[in-house]
Every structure is written in structure tokens, then in C-alpha cells.
Amino acid sequence: QDEEKWDFVLVSDIHEVGSEKEIKRKKFLDELSKKGFTIKKIEDENLFYGVRAPQHFFRQYQWLLRNPDRRLQTPDIYCGIPVTTRIRIVNFILQNTVTSDFENLRDLMKKKVFKAAFPLHEQEELAEILKEKWARWRDVFRPQPIEKIRCYFGEKVALYFAWLGWYTYLLGIAAAVGLVVFVAGITTFNTSQVSKEICEATDTIMCPLCDQKCSFWLLSETCTYAKVTHMIDNEGTVLFAMFMAIWATVFLELWKRKRATVVTDWDLYGWDEDEEELALELINNLQHEPRKYQHSYFRSTILLVFALLMIIVLIGIAHALVIFRVVATALFSQSSFELFREQANTMAVMAGAVLHYITIVIMTKVNRRVALFLCDLEKPRTFSQRENNFIIKIFTFQFFTYFSSLIYIAFFLGRINGHPGKYVRIAGKWRLEECHPSGCITDLFIQMAIIMILKQTVSNMMEYLTPAIKYNLCRKLHCPKKRSVISGEEEEAAEDPCKRQWRENYDLNEVNTFSLFEEFLEIVIQYSFTTIFVAAFPLAPLLAFINNLLEIRLDAIKMTRLYRRTVPRKANDIGIWLQVLEAIGILAVIGNGLVIAITSDFIPMQVYKYTYSPCVTENHTDVDCLTGYINHSLSIFRIQDFEPNTKGPKTLPDGAQIKEYRDYRNADDYSYTVQFWHIFAARLAFLILFEHVALCIKLIAAWYIPDIPQSVKNAFLDRKHDNLRKELRWEVPQKV
């Protein structure tokens with residue numbers, strides 16, 4: 001039975017005898033035979049080659065690294081090292097075996113000499129436990145068996161699930177707080193003084209929202225929209241944004257402690273990746289010379305230029321989305337449907353959000369290709385270095401893809417559009433969008449809600465259904481063939497237990513080299529949504545929490561049931577993703593500070609409350625201090641100052657020649673009022689204060705929570721002490 005264990009399976013088409021592909025395949029298999037590999041051939045619809053490495057490779061590995069796997073996972077009875085380590089060593093040798101034509105396995109697979117190369121899913125107790133106790137939807141709230149995941153998929157995969165589980169666990173706290181803030185906002189739905197004034201402003205006539213068919217409108221018509229806005233934009237939002245800045249820091253610091261404990265239990269805390277790679281190179285080829293570290297300023301400059309060009313393209317796409325919303329607003333406002341005309345801005349924002357999601361789906365594929373191309377130009381020394389470089393590039397591109405449009409809505413929408421009589425226009429024709437009189441934060445809320453919901457529903461459905469449908473189709477295509485074969489082949493299949501197992505593994509979906517990276521990227525982008533603009537969307541942590549509960553089981557089902565077994569990789573941390581998360585934490589402080597200072601109406605309301613309100617000017621204590629805020633935030637415009645191309649009505653129903661718009665401008669020359677500069681100064685002061693306080697709290701939290709638990713430090717201290725004592729006991733008798 002032991003001899004029927006195979007480390008890897010190579011799959012090839014049945015080529016004609018003497019063909020170029022058949023010769024290349026034979027040369028590669030001969031090279032493996034020279035290294036002592038045992039090879040078993042099974043012919044089915046394809047050619048299957050099971051390969052098993054000789055034991056001396058593993059003895060050399062244990063000797064060179066003094067057996068870093070002392071704490072065995074699931075020891076392989078015929079070799080004494082974990083199966084995951086065995087697969088990793090064999091994979092390295094296969095990938096670095098070169099034929100006499102200087103072609104390795106990767107080259108041969110590109111030329112279709114081999115169709116696939118993969119380790120086998122085991123049909124043993126551990127695999128069944130993972131399928132039954134982990135890869136089930138019913139186990140959503142059950143703790144993950146991280147140690148068993150490590151034993152089957154390796155440390156890198158286990159650390160991913162440990163990190164995702166820890167993130168989801170702490171996200172539950174943020175989700176609960178966000179839900180409380182949102183519910184508290186709902187309680188002010190009918191009690192907000194600002195909303196009341198908008199609902200009661202039946203005599204406040206506003207400027208038309210477009211140039212052609214739009215008429216004057218009453219501010220009270222937007223009563224419901226105003227209530228929704230102030231349900232989001234309130235004092236609780238500020239506190240929640242500060243809380244999330246602290247939460248992000250605490251999460252990362254606690255993860256560092258969790259990671260230190262986990263890798264110490266695995267005896268990998270001091271593991272050296274370079275040393276392991278050099279050991280594998282020497283095991284494969286004793287004459288191997290290490291590839292030196294290199295750096296080229298010229299190549300770095302070229303890469304920087306290409307990266308900047310790509311970022312400019314992504315920002316250009318964001319500008320195109322802005323133009324789409326402007327044109328959509330104009331078209332909706334001229335629609336024959338009354339609903340579209342009345343809600344032109346909201347409809348344009350929603351259409352823009354859907355289009356933004358479509359561009360995200362498309363540009364994700366483009367960004368991936370560009371990032372890989374730049375990595376090839378960079379010529380990294382090792383796979384890990386290549387992976388890190390790829391992570392930085394793809395995350396940067398994805399960040400601009402996801403957030404360029406959101407940044408425009410949050411910080412530029414309604415602030416660069418000019419004013420009635422002097423609008424900023426695209427191509428001299430279409431006006432830029434304006435904010436609603438109750439603020440711009442609802443537009444940001446709608447955009448984030450649509451993108452997050454679409455991303456977490458459509459993307460996850462495709463992520464699960466695509467491999468599931470593909471796998472089931474493969475099984476259905478193969479089942480009839482197995483039943484219709486001649487009796488002799490049936491007997492052969494019954495005699496050879498490997499044939500069915502190899503075919504079943506081959507029918508599973510192919511594992512991408514960067515498959516785990518894609519899972520990380522998906523969650524890190526989600527983490528960005530959850531932290532950077534959370535002030536505008538307090539439900540983001542709740543949506544992320546629900547998604548992650550399902551994501552863990554979805555990934556588990558994919559890895560155990562739908563995909564071939566991934567090649568285990570050793571790791572003692574989540575790599576450069578930690579630095580990416582820390583950068584996002586800093587961006588979250590800046591982003592939320594800007595949202596509250598610029599997007600939200602929190603600062604203008606506070607300036608009015610403590611400078612211009614009846615509570616200050618008239619010493620009234622029996623009225624709400626925000627009484628009169630809406631009228632204070634509107635400016636007057638004379639309709640005779642309309643631009644010539646405006647085809648709206650030239651007179652008001654009552655014959656008056658003035659109307660209002662949201663801004664702080666003088667009625668005579670439309671210059672900014674003193675109130676505008678007061679609010680501008682208050683926004684700037686709040687931004688500086690918020691960011692400094694939040695960053696200080698982050699630094700204090702990072703200092704207060706040690707990265708390494710005392711128990712881990714004490715374990716290392718005891719281990720060093722015991723080792724020194726043993727050496728001293730051995731040395732003293734020698735001297736005597």
C-alpha cells in the first residue's frame with residue numbers, strides 16, 4: 001500500500017510515436033529517472049504519469065536544515081517527514097529539472113507537452129475531516145481546524161485562514177458598533193432639525209438642476225432625501241470613524257500576537273526562507289550557484305514610468321465615469337418619465353455605481369496582466385520576491401480602480417462645479433454635478449453600498465458557481481465513457497486503484513499559481529472599504545462580516561472539493577500583506593478625516609451652531625441651535641444672470657427675480673462670504689486635529705499591545721537556556 005503513494009501526477013495527451021511532443025516528454029521523464037524518481041504510467045483518455053521521489057532527497061533536506069519539521073504534522077510513514085514538505089520538495093525538483101534542450105516543466109506545459117502537474121488529494125482521515133468539519137456551509141459559526149489545515153495544505157494556506165478567521169472575529173465587534181450607529185441615525189429620521197427645515201421649506205424656490213427642460217423646484221420636495229442624509233450624517237458618524245481608526249490598529253496588533261503564537265507552536269518563528277530555497281536548489285543540483293541580488297536604477301525608472309502611466313489610465317477611467325454621470329443626469333432630467341426627471345441625480349449616481357462595478361471587473365483582468373508584465377521586466381530573484389512585487393503593483397492598480405471614483409464623489413463632487421450663471425462645464429456643454437442641499441454624503445453612501453453589495457454577491461456567486469459547474473460538467477462527460485468501455489478496460493480499472501483517483505483529481509479545476517493571492521487581495525480590498533470611507537457607510541463592517549462568514553466556507557469548499565490540491569508552501573507570516581494593511585490603516589485615518597471635514601455637513605453645522613445660531617446671537621435656549629441652518633447655507637441668485645444657453649424659465653411663478661442654491665456666496669458679485677471662510681478654516685482645523693489625535697491613538701495602541709506575547713518570549717528563553725545547559729554538560733566531561 002505504501003508503494004502506491006505518489007508525490008505528483010503529470011498528465012499528457014497521447015501523442016504520436018516519434019512526434020516532437022512525444023520526444024520532449026520522454027526526455028523530461030528520462031531526466032527524472034536519472035535522479036532516481038519512480039515513474040508509473042497509466043493510459044486512459046490521457047496519459048498519466050505518477051512520480052515518486054527517492055528517499056535520499058528528503059534525508060538531504062532534513063540534514064541541511066537539521067529537520068525544521070521536528071514537530072511532525074502528519075508524518076509520512078515511509079519517509080518520516082510531513083506530506084506537505086514532501087510535496088513541496090518534489091514540486092521544486094520537478095519545476096527545476098531541465099532537459100538536454102534546456103526546457104523545464106513550465107516550458108513543456110506552455111508547449112502542450114504536458115497538460116497538468118499536480119499533487120493528489122488524499123483519500124484518508126485528514127482529508128475527510130476537513131471535508132466534513134470545515135468545508136460545509138452548516139459550519140459557518142464553528143471554529144476552524146487551523147492545525148489540520150496546516151497539515152493538509154501547508155503553512156501559507158493555514159496562515160491565510162487563521163488571519164481571515166481572526167479578522168472576521170474582530171470585525172463582528174466593528175459590525176455591532178456600526179449597526180448601533182446606523183440604528184441611532186434611524187431614530188433621528190423624523191427629529192432632525194435640519195431635515196424638518198427642508199421638509200417645511202415650501203416657499204424656498206431652488207435653481208433648476210439642468211439647463212434645458214428643468215424648472216424651478218421647491219426645497220421641500222427633497223424631504224425624504226434630506227431625512228436619509230441626516231440619518232447617515234450625524235455626530236455618531238464622527239465617533240464611529242474615530243473608533244474604526246483605533247479598531248484597525250488594534251486588529252493588526254492583536255493579529256501580530258496571534259501569528260507569533262501560531263508559528264511558535266509550529267516551530268517556525270525563526271524560519272529562514274532564503275536558507276530553505278538554497279537547500280532545495282542544492283538538493284536538486286549540487287553544482288548550483290545562488291542567483292545574486294541585483295538592482296538596476298534604469299530598470300526601476302522604466303517600471304516607475306509604466307506604473308505611473310497605468311495609474312493615469314485608471315484616473316482617466318474615473319474621469320470618464322464622472323462624464324458618464326454628468327451626461328446621464330442631463331438625459332434623465334429630460335426624460336419623459338416623471339420619476340427619472342425628479343430623481344435625475346440619484347438615478348445618475350446609481351447608474352454610475354453599476355458602471356463603476358463593471359469597469360472594476362474588466363480592469364481587474366487588465367491590471368493583473370500589466371502587473372505580471374512589470375514583474376517580468378523587474379526580473380526578481382526568487383518566487384517570493386516576485387510575489388511581493390506583484391502584490392504591491394496589483395494592489396496599487398486595484399486601489400485606484402476601486403477608489404478613484406469614490407474619491408471624486410467624496411471630495412470633489414459639488415465643489416468644483418461653479419455656481420448659477422458661471423457653471424463649470426464639460427466640453428462647454430454639460431454642467432458638472434451638484435450636491436443635494438442636505439449634503440453629498442448620501443451619494444457616497446449609495447456608491448459604496450452598490451459596489452460592496454454587487455462585489456460580495458455577484459463576485460462570490462461567480463467564484464463558486466464557475467468552478468462548480470465546470471467540475472460537474474467534467475464528471476458528466478467522463479461518466480458515460482467509463483460505463484461504455486469494453487470489459488477488459490473495466491477490469492484494468494478495477495485492478496489499478498490509482499487510475500480512478502488520478503482521473504478524479506485531473507477532473508478538478510486547475511489551481512492558479514496566485515490563487516491564494518487572489519483570495520488575499522479580495523479580502524484586503526474589502527478591508528479598505530471597511531475602514532477608509534466607513535464614516536459615509538457605517539454598515540460596511542456588517543456587510544463585510546456576513547460576507548466573510550460565507551467566504552471562509554466558500555474557500556474551504558473550493559480547496560477541498562472543487563480544485564486540485566494546491567502545492568503546500570511554508571511561511572511564518574502573511575508576508576507583505578501586513579505592510580499593505582498597515583498602509584490602509586493610515587489611509588483610513590486620512591480618508592475618514594477628509595470625509596467628515598469635507599463631505600459631511602458636520603463642520604458647517606457646528607460652525608453655525610456655535611457662531612451664527614439663535615442660541616449664540618439671541619441667547620435663545622428654548623429652541624434647537626440648528627434652527628435657521630438651511631436658510632443660512634443657501635445663497636441668492638438673480639435669474640437675469642443666467643448663462644445664454646440656459647433654456648429654463650426666465651421668471652418665477654410669483655414674478656420674483658431671485659432664487660436660491662447651496663453655497664456661501666454674496667448676492668451682488670457671487671464672491672465667497674465670510675461664513676465660507678469661517679467654515680473653510682474650521683474644516684482645516686478639524687482635519688488636522690482629527691488626524692493627529694487618531695494617529696496618536698494608533699501609536700499608543702501599537703505601543704500598548706506588544707507584538708509578541710510574553711508566553712512566546714518565555715518559551716524562547718527557556719529553549720535557549722536548556723540548549724546552553726545541555727552544551728555545557730556535554731563540554732565539561734570532555735575537558736575532564
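Can you tell me which residue among Lys609, Lys558 is over 23 Å from Asn234 (Cα atoms) and open to solvent by 10 Å² or more (accessible area, probe 1.4 Å)? Working first, answer last.
Numbers: Lys609 fails: over 23 Å from Asn234 (Cα atoms).
Going through Lys609, Lys558 in turn, just one is over 23 Å from Asn234 (Cα atoms) and open to solvent by 10 Å² or more (accessible area, probe 1.4 Å): Lys558.
Filtering region 235-276 to residues that are crowded, with 21+ Cβ neighbours inside 10 Å and not hydrophobic (A, V, I, L, M, F, W, C) leaves Thr237, Thr249, Arg259. Number of residues in region 299-328 that are open to solvent by 70 Å² or more (accessible area, probe 1.4 Å) and either touching a Lys or Arg at 6+ places or on another chain (Cβ under 6 Å) or among the β-branched types (Val, Ile, Thr) (or both) equals 5. Criterion applied to Leu454, Leu432, Leu413 was being touching a helix residue (DSSP H, G or I) at 6+ places or on another chain (Cβ under 8 Å), modelled with pLDDT of 85 or more, at negative phi and of a type outside the set (Phe, Trp, Tyr), and the one residue passing it is Leu454.
Which of the residues spanning region 359-373 are hydrophobic (A, V, I, L, M, F, W, C) and open to solvent by less than 70 Å² (accessible area, probe 1.4 Å)?
The first filter runs over region 359-373 and keeps only residues hydrophobic (A, V, I, L, M, F, W, C), leaving 360-363, 366, 370-373.
Within region 359-373, Ile360, Val361, Met363, Val366, Val370, Ala371, Leu372 qualify.
In region 647-676, the qualifying residues are those that are hydroxyl-bearing (Ser, Thr, Tyr) and either more than 46 Å from the chain's Cα centre (by Cα) or not in a loop (DSSP other than H, G, I, E, B) (or both), and the one that is modelled with the lowest pLDDT is Thr651. Residues in region 113-130 that are open to solvent by 40 Å² or more (accessible area, probe 1.4 Å), of a type outside the set (S, T, N, Q) and part of a loop (DSSP other than H, G, I, E, B): Lys115, Glu122, Glu124.
Residues that are open to solvent by 10 Å² or more (accessible area, probe 1.4 Å) and of a type outside the set (S, T, N, Q) within region 139-149 comprise Val140, Phe141, Arg142, Pro143, Pro145, Ile146, Glu147, Lys148, listed in sequence order. On the stretch given as region 666-683, residues that are of a type in the set (Gly, Ala, Ser), surrounded by 11 or more Cβ atoms within 10 Å (Cβ to Cβ) and either over 19 Å from Gln606 (Cβ atoms) or touching a strand residue (DSSP E or B) at 6+ places or on another chain (Cβ under 6 Å) (or both) total 1. Please find, within region 376-389, the residue that is surrounded by the fewest Cβ atoms within 10 Å (Cβ to Cβ) out of those that are within 17 Å of Tyr297 (Cα to Cα) and in contact with an Asp or Glu (Cβ under 9 Å, 6 or more places away or on another chain). Among them, the one singled out is Pro380. Scanning region 180-212 for residues that are assigned to a helix (DSSP H, G or I) and either among the aromatic types (Phe, Trp, Tyr) or open to solvent by 10 Å² or more (accessible area, probe 1.4 Å) (or both) yields a count of 12.
Applying the criterion of being in contact (Cβ under 8 Å) with a residue 24 or more places away in the chain and assigned to a loop (DSSP other than H, G, I, E, B) to the residues of region 131-170, the residue that is nearest to Ile87 (Cα to Cα) is Gly154.
Among the residues making up region 524-547, those that are over 25 Å from Phe411 (Cβ atoms) and buried (at least 21 other Cβ atoms within 10 Å of the Cβ) are Phe545, Asn547.
Conditions tested, residue by residue: (1) at pLDDT below 90; (2) farther than 23 Å from Leu278 by Cβ; (3) of a type in the set (Phe, Trp, Tyr); (4) touching a strand residue (DSSP E or B) at 6+ places or on another chain (Cβ under 7 Å).
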| residue | (1), (2), (3), (4) |
| --- | --- |
| Leu65 | yes, no, no, no |
| Arg88 | no, no, no, no |
| Asp101 | yes, yes, no, no |
| Lys110 | no, yes, no, no |
| Phe114 | no, yes, yes, yes |
| Gln123 | yes, yes, no, no |
| Ala127 | yes, yes, no, no |
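Residues of region 13-45 being touching a strand residue (DSSP E or B) at 6+ places or on another chain (Cβ under 6 Å) and not in a helix (DSSP H, G or I), which ones? If the condition is that a residue be touching a strand residue (DSSP E or B) at 6+ places or on another chain (Cβ under 6 Å) and not in a helix (DSSP H, G or I), then Ile14, Phe37, Thr38, Ile39, Lys40, Lys41, Ile42 are the ones that fit.
For Val177, the test of being out of contact with any helix residue (DSSP H, G or I) (no Cβ under 9 Å at 6 or more places or on another chain) and open to solvent by 40 Å² or more (accessible area, probe 1.4 Å) is failed. From the set of residues in region 612-633 that are in contact (Cβ under 8 Å) with a residue 60 or more places away in the chain and part of a helix (DSSP H, G or I), which is surrounded by the most Cβ atoms within 10 Å (Cβ to Cβ)? For region 612-633, the residue satisfying everything is Ile630.
Got at least one residue in region 329-352 being in contact (Cβ under 8 Å) with a residue 12 or more places away in the chain, open to solvent by 20 Å² or more (accessible area, probe 1.4 Å) and under 22 Å from the mean Cα position of the chain (by Cα)? Among the residues of region 329-352, not one is in contact (Cβ under 8 Å) with a residue 12 or more places away in the chain, open to solvent by 20 Å² or more (accessible area, probe 1.4 Å) and under 22 Å from the mean Cα position of the chain (by Cα), which makes the answer no. Of the residues making up region 279-298, those that are in a helix (DSSP H, G or I), in contact (Cβ under 8 Å) with a residue 24 or more places away in the chain and open to solvent by 80 Å² or more (accessible area, probe 1.4 Å) number 0.
Would you call Tyr225 within 30 Å of Ile574 (Cβ to Cβ) and among the hydroxyl-bearing types (Ser, Thr, Tyr)? When the stated conditions are applied, Tyr225 does not pass them.
Determine, yes or no, whether Glu582 is of a type in the set (Asp, Glu), open to solvent by 40 Å² or more (accessible area, probe 1.4 Å) and more than 30 Å from Arg662 (Cα to Cα). Judged against the criteria, Glu582 is a match.
The values are calculated or read from the model by the stated rules, or taken from the named source; none is laboratory data. Note that the coordinates shown come from a computational prediction; the quantities given were computed from them, not determined experimentally. Heads up, the Cβs are rebuilt from the backbone with ideal geometry, glycines too, and the neighbour counts pull from every protein chain shown. Quick note on the areas: whole protein, heavy atoms, side chains included, nothing else; ligands and nucleic acids left out. Shrake-Rupley method; radii C 1.70, N 1.55, O 1.52, S 1.80 Å.
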